[in-house]
Amino acid sequence: MRVAFPLRSLAPHRIQPPRRGLSAVASAVEAPTTNLSHRPNQPSAFALRDAASAVKPRNDWSKEEVAEIYNTPLMRLTFAAGTLHRRFHNPSSIQMCTLMNIKTGGCSEDCFYCAQSSRYSTGLKATKMVTVDSVLAAARTAKENGSTRFCMGAAWRDMRGRKTNLRNVKEMVNGVRAMGMEVCVTLGMIDREQADELKKAGLTAYNHNVDTSREFYPSVITTRSYDERLETLKHVRDAGLNVCSGGILGLGEKPNDRIGLIHTVSTLPSHPESFPVNTLVPIKGTPLGDNPPVTFDVTLRTIATARLVLPHTIIRLAAGRTTLSEEQQMLCFLAGANAVFTGEKMLTTACNGWEEDGEMFERWGLVPMKSFERAELREMEVGV
């Protein structure tokens, strides 16, 4: 079913420098210095104040600053993030992304959360890569239903020795891009030459999540190092592709690991173009199949912190969104999230559907972000 969205004019949002004097947001995040000695467990709010007054991204965040922001009382944190969000983004514009699994299962990696690992008995059957025609048909359906970014994922460790597969992926990329859509792929580790080939084919972005903090990472993956993930991101950046890199909540990590995740991406040479926030969907048969779900405040706090230290980045509600109520999703949008995965399915888990999202957008006055809207606005913004 094709979803009809309301047509609204989306005026470009330029970055506006903070007003002189004590603005509403500055008042909300200003440190109550006279009372700090009586509240030793409260953050000083100086890092929050600096983040909330930003007019351009910075890449020199300390882990202590990110922790200070993350540990801010949630209502104050959410308000500051939402206010900053409106300086860098149109708050009514939500990017609709559709993700298709183009090669299912049989992966040699041991990611403890993943149903597609060949090491676990999850009932998932490994398949060969789908045809180019089937991908283009799925992309057309996604576009007809309002999605403006089409993403493709393959269950591989890397692209070594996959020349035929890479050729097919490039044909898929070229065909989706010809439809006027943004196009992203996640194919495991790639080298610079492969990244260059994908760029030439018309690829918009490459997804490669760092998943969690450097310290906690070995607790969930042993077959690929943290530095190997960062090396792939470097190849993607050097090829001139947009980086899409985020994490997963609910792996058994502690708050410091969520802080470490955000610190990692905020100190990359350039911030990722998009930051997916996934919450674990436990899959029976995987080592994390019985993990309890994270509480909503963890999701909201992570999104708000990411918005404050990654002001220009698109923050995407990814896996696990089906567990959020409509009101919880709206709180996430207010705190700075501005993209969702929508459609028939994600890689191996459930996804909110186009019709459901269309009705939700209509109720709350939201509109789908246009293809390449953020890239066009970035060129217009001052000081970025």
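The values are calculated or read from the model by the stated rules, or taken from the named source; none is laboratory data. Just so we're clear, the structure is a prediction, and the values are computed from it rather than from any experiment. Positions of Cβ are backbone-derived with ideal geometry, glycine not excepted, and every protein chain shown enters the neighbour counts.
Taking the criterion of being over 12 Å from the mean Cα position of the chain (by Cα) and of a type in the set (Gly, Ala, Ser), the residues of the range 318-338 that qualify are GLY320, SER325, ALA335.
The set of residues from the range 74-93 being in a loop (DSSP other than H, G, I, E, B) and either at pLDDT below 95 or of a type outside the set (Gly, Ala, Ser) (or both) comprises HIS89, ASN90, PRO91.
If you go through the range 305-355 and keep only what is outside any helix (DSSP H, G or I) and of a type in the set (Val, Ile, Thr), you end up with THR313, ILE314, ILE315, VAL340, THR342, THR348, THR349. Does the range 343-363 hold any residues that are at pLDDT 95 or above and in contact with a helix residue (DSSP H, G or I) (Cβ under 6 Å, 6 or more places away or on another chain), and which are they? If the condition is that a residue be at pLDDT 95 or above and in contact with a helix residue (DSSP H, G or I) (Cβ under 6 Å, 6 or more places away or on another chain), then MET360 is the only one that fits.
Within the range 85-100, track down each residue that is surrounded by 19 or more Cβ atoms within 10 Å (Cβ to Cβ) and either of a type outside the set (A, V, I, L, M, F, W, C) or farther than 30 Å from LYS143 by Cα (or both). Listed by number, the residues that qualify are HIS85, ARG87, HIS89, SER93, GLN95, THR98.
Of note, ALA139 does not satisfy the criterion of being more than 19 Å from ASP238 (Cα to Cα), of a type outside the set (S, T, N, Q) and at pLDDT below 95. When every residue of the range 190-204 is checked against the conditions, at least one turns out to be among the polar types (S, T, N, Q), modelled with pLDDT of 95 or more and at negative phi.
Within the range 142-163, if we keep just the residues that are touching a residue at least 40 places away in the same chain (Cβ under 8 Å) and either surrounded by fewer than 20 Cβ atoms within 10 Å (Cβ to Cβ) or among the hydroxyl-bearing types (Ser, Thr, Tyr) (or both), the residue that is farthest from VAL367 (Cα to Cα) turns out to be ARG157. Scanning the range 293-307 for residues being of a type outside the set (Val, Ile, Thr) and closer than 15 Å to GLY260 by Cβ gives a total of 2. Out of all the residues in the range 115-128, is one or more crowded, with 18+ Cβ neighbours inside 10 Å, closer than 24 Å to LEU268 by Cα, hydrophobic (A, V, I, L, M, F, W, C) and in contact (Cβ under 8 Å) with a residue 12 or more places away in the chain? No: zero hits.
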